Amino acid sequence: MAAQQAGTQPPSPVLLCGSVPPLADSYSLRPETGPGLARGLQPGMAVALVNGAETLTAPAAQGGTGKTQLAVEFAHAMRGSRAVEVLVWVTAASRDSVVSGFAQAANTVDASHPEEDAEAAAARFVSWLAHTRRPWALIIDDLAETTDLQNLWPAGACGRVVITVRGSTASSGDTFFGDTAFGDKDLTVFRVTGMSRREALSYLTSRLIDNPDQRLEALDLGEDLDGLPLGLAQATAVMRTRGLGCREYRAQLAGRRPHMPEVDGVSASVLAAWSIAAECADELPPAGLAWPTLVMAAVLDHHGVPGNVLTSPASCSYISGRPSTASAADQSMVHAAINNLAQAGLIAIDPASPARTVQMHASAQAAVLAYLSRPDLEQVVLAAADALLETWPEDDGGASGGSGGSGGSGGSGVPVDQAGQSQLDQALRDCTSALRANDGGALWMPAAHLVLFRAGLSLEHSRLSSSAIAYWRSMLATSTRLLGPAHAHVVEARDRLAAAYEAAGKSADAIAVFAAALADRERNSGPEHAQTIAARGRLAHAYASAGRPAEAVVLYERAVADSDRLLGSAHPISLDARASLAQAYQTAGELGEAIGVYQILLAGSERMLGSGHPTTLSARASLGAAYAANGQLREAIGQYERAVADQERMHGRDHAETIAARASLASAFRAAGKQKDAIAQYERVLADRERLQGADHPDTIAARANLAYAYRGAGRLKDAIPQYERTLADRVRINGADHRDTLTARGNLAACYQQARRLTDAIPQYERTVADSERMLGAGDMDTLTTRCNLATAYYTAGRLADVVVVLQRALSDCEKYLGADHQMTQTVRENLDAATLA
């Protein structure tokens, strides 16, 4: 390898979001029928890969032409050559899959919005694509409906977009400018047909290497299968496994083809090839297990089934035909069956992806479902639903409420990081959606299967508000129709719909549904039933979320009185009601009332549950925050000091909650003007986070920024500046120059330089911050306007009056345009400009 030239920088590592499938072992280059994406797709371009035209033997919707594998080849080429800095793969199983994938990408390139709704994050990602200068590539695989990209169309001068389209969504044109499918989107459409005769022959020749006689009639076999990579892969897999040649295989194919059932969008040749492959896989040891394994996978999402779903107790029981606890022996048996399916070309395995481990082509899925009888379908649907529940991680919210349906307990999923967890959640939701589409009503006999509730809760947990609302509307309508309006699952679906409205900020809708739910419970169970009290609390919470604290207080006061009287003050509902009442008082500005309730809550929980109970610890932290908000800093510090001591006693000094409590104590010290004490605590927090989480962890970087701020507030600028410089360097290195946190870090460093009278250092940082903020956030963003004014102040301090006038003129123009002439900031900028002009 040649030595790197002096002075050149190695290319940046590729930032990857999403799970890029591996290239199939059987993948073959397609110089004649492939689009040549790696060479031909340049920055600023987009291409849609769609199916080829209808032929005499294959429908237009026939898949298996290799679109996804062409996209995979492109993704691996971009990553391998480091032609891009950001690579994103999104599986477009549904609108919420697209939104979820875009939201994950947004948080990969800029994780500074942890509380953001997924739809807002997805829109932010699209904006980032349009404005960033970092080279990027985005692959959207298997887009079913162009409306799934409504208001989320990706484009940007530095980006390459590849979209593979399911079925025959696109029209027959080569380029779309105003087409009905893609509207006015500027993209090239490439029709992916089967392989050419030469490519098919090359493919078969390279795969059939045991005996030259195997290749006799290879050209004819390629034509029999329309050159489809899917059919050719299954055919060569069977021939290699059984030791057949093309001539023998063609005879089997010809004998099987006339007896294939009609399946929408799948040709008889593809069905015949699939049928032979399924028979071959089922013959391999352990014989007879490949078929039930294939059936289990087929009722789930063909884009990818998590491996743990297929090796869960419910799956092992279904596949083996006997009760199973998913022992190591049973899981090994299932793994063998999965490998047999892969050997026969029926599935693909991605062992590196916990979320989409086992993938199946949509044509193969349709073929399997066409062969299942109604009883067989019901049996596998219920087994698959139980398997999903057994795999769904407990921290995704858990199924609540309802008491009917087939059971199953969660918690057997593999540990994954946050991005991996999001991908796993989406895969499980996609599997549940596929199961609902194929269930034949089995998931509602005799009541709603709990996996239906788990899927909806997962949408809420993932902040997919719009999708959650649509889901719970559907659940409420279906459950009311099938189970009757008084069924527990109907009540649960109504509560979840109201909660989804509330999470989406649709307060009026949430209040209306919660009020109806409360009225139903009062009528059916009585005003003093525990569930009625809980429903009253949910309505109160909706009022609080809607900014109507007075109405929330009235309901919470009644909930506290009722729960204390009927359930006892130590009951979890009573404790939750009292905590919510205190918070409502605080939101309403009645801090004295809030403090009084928090004191009662703390005393009661400490007496009944102990000082180390989570409820007690939470109550103490809330009381400390209320004291701080009310200006009672000495009392706040006392509570925070006790909280730190209790956390250390219960969890140890290295626990995350202990470190968080210490950070709150540091903030209270700083607010009270006890800078020395605050700095000591901030230094301890930084040291603990650096030791336990590493220097590059976001919490560690944030702790360093807090310490820098404390130094600066104490006038210790010589100590503050190195911490600010380190924070900025870490942000640039970890998050990139276009990250919102990087922008903030640069502005903070500039301000500290200015305070230290290091104007030659401050001004370039301010200038860079203004340029980056305008590019990333827009000229009218409040942060951009504020930073522009800070730059003007630095220029003024440096005596550069002409520059002051230029900057303030631009700031005034932007303020008037984006904020209005009467906005307070506009008036302030106007006054400063007048003063600078007269100076």
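The values are calculated or read from the model by the stated rules, or taken from the named source; none is laboratory data. Keep in mind that this is a model prediction, so the values were computed, not measured. Cβ atoms come from the backbone with ideal geometry, glycine included; neighbour counts cover every protein chain shown. Heavy atoms of the whole protein, side chains included, go into the accessibility calculation; ligands, DNA and RNA do not. Shrake-Rupley method; radii C 1.70, N 1.55, O 1.52, S 1.80 Å.
Here residue 120 clears all of (1) open to solvent by less than 50 Å² (accessible area, probe 1.4 Å); (2) at pLDDT 90 or above; (3) touching a helix residue (DSSP H, G or I) at 6+ places or on another chain (Cβ under 8 Å); (4) of a type outside the set (Phe, Trp, Tyr) except the condition numbered (3). Per the conditions (1) within 23 Å of residue 424 (Cα to Cα); (2) surrounded by 24 or more Cβ atoms within 10 Å (Cβ to Cβ); (3) among the hydrophobic types (A, V, I, L, M, F, W, C), the sole criterion not satisfied by residue 295 is (2).
Taking the stated definitions as given, is residue 626 out of contact with any Gly (no Cβ under 9 Å at 6 or more places or on another chain) and surrounded by fewer than 20 Cβ atoms within 10 Å (Cβ to Cβ)? No: the conditions fail for residue 626.
Residues are listed down the side, and each one gets a yes or a no for (1) among the acidic types (Asp, Glu); (2) assigned to a helix (DSSP H, G or I); (3) under 30 Å from residue 358 (Cβ atoms); (4) over 21 Å from the mean Cα position of the chain (by Cα):
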{"site": "431", "(1), (2), (3), (4)": "no, yes, yes, no"}
{"site": "440", "(1), (2), (3), (4)": "no, no, yes, yes"}
{"site": "454", "(1), (2), (3), (4)": "no, yes, yes, no"}
{"site": "477", "(1), (2), (3), (4)": "no, yes, no, yes"}
{"site": "489", "(1), (2), (3), (4)": "no, yes, no, yes"}
{"site": "509", "(1), (2), (3), (4)": "yes, yes, no, yes"}
{"site": "518", "(1), (2), (3), (4)": "no, yes, no, yes"}
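Looking at 719, 699, which is the one that is open to solvent by 30 Å² or more (accessible area, probe 1.4 Å) and farther than 18 Å from residue 659 by Cβ?
719
Hey, any hits in region 361-372 for a residue that's in a loop (DSSP other than H, G, I, E, B) and open to solvent by less than 60 Å² (accessible area, probe 1.4 Å)? Yes. Report every pair of residues separated by at least 6 positions or lying on different chains whose Cβ atoms are under 6 Å apart, first residue within region 444-460 and in contact (Cβ under 8 Å) with a residue 24 or more places away in the chain and within 14 Å of residue 426 (Cα to Cα), second surrounded by 23 or more Cβ atoms within 10 Å (Cβ to Cβ) and of a type in the set (Lys, Arg). Once the first residue is in contact (Cβ under 8 Å) with a residue 24 or more places away in the chain and within 14 Å of residue 426 (Cα to Cα) and sits in region 444-460, its partners that are surrounded by 23 or more Cβ atoms within 10 Å (Cβ to Cβ) and of a type in the set (Lys, Arg) give 455/429; 456/496; 458/429.
Being surrounded by 20 or more Cβ atoms within 10 Å (Cβ to Cβ) and over 23 Å from residue 387 (Cβ atoms) is the filter here, so list the residues in region 468-479 that pass it. Across region 468-479, the qualifying residues are 468, 469, 472, 476. The residues listed here are 640, 598, 556; of these, the one that is open to solvent by 20 Å² or more (accessible area, probe 1.4 Å) and either of a type in the set (Phe, Trp, Tyr) or within 23 Å of residue 502 (Cβ to Cβ) (or both) is 640.
Only one entry in 302, 335 is outside any strand (DSSP E or B) and either open to solvent by less than 10 Å² (accessible area, probe 1.4 Å) or closer than 19 Å to residue 363 by Cβ (or both), namely 302. Select, from 482, 459, 539, 497, the only residue that is under 30 Å from residue 432 (Cβ atoms), at pLDDT 90 or above, surrounded by fewer than 21 Cβ atoms within 10 Å (Cβ to Cβ) and among the aliphatic types (A, V, I, L, M). The unique qualifying residue is 482. Within region 823-838, residues that are in contact (Cβ under 8 Å) with a residue 24 or more places away in the chain and farther than 15 Å from residue 803 by Cα have Cβ atoms under 7 Å from residues that are open to solvent by 30 Å² or more (accessible area, probe 1.4 Å) and not in a helix (DSSP H, G or I) in these pairs: 825/819, counting only partners at least 6 apart in sequence or on another chain.
Within region 784-804, if we keep just the residues that are crowded, with 23+ Cβ neighbours inside 10 Å and of a type in the set (S, T, N, Q), the residue that is farthest from residue 836 (Cα to Cα) turns out to be 784.
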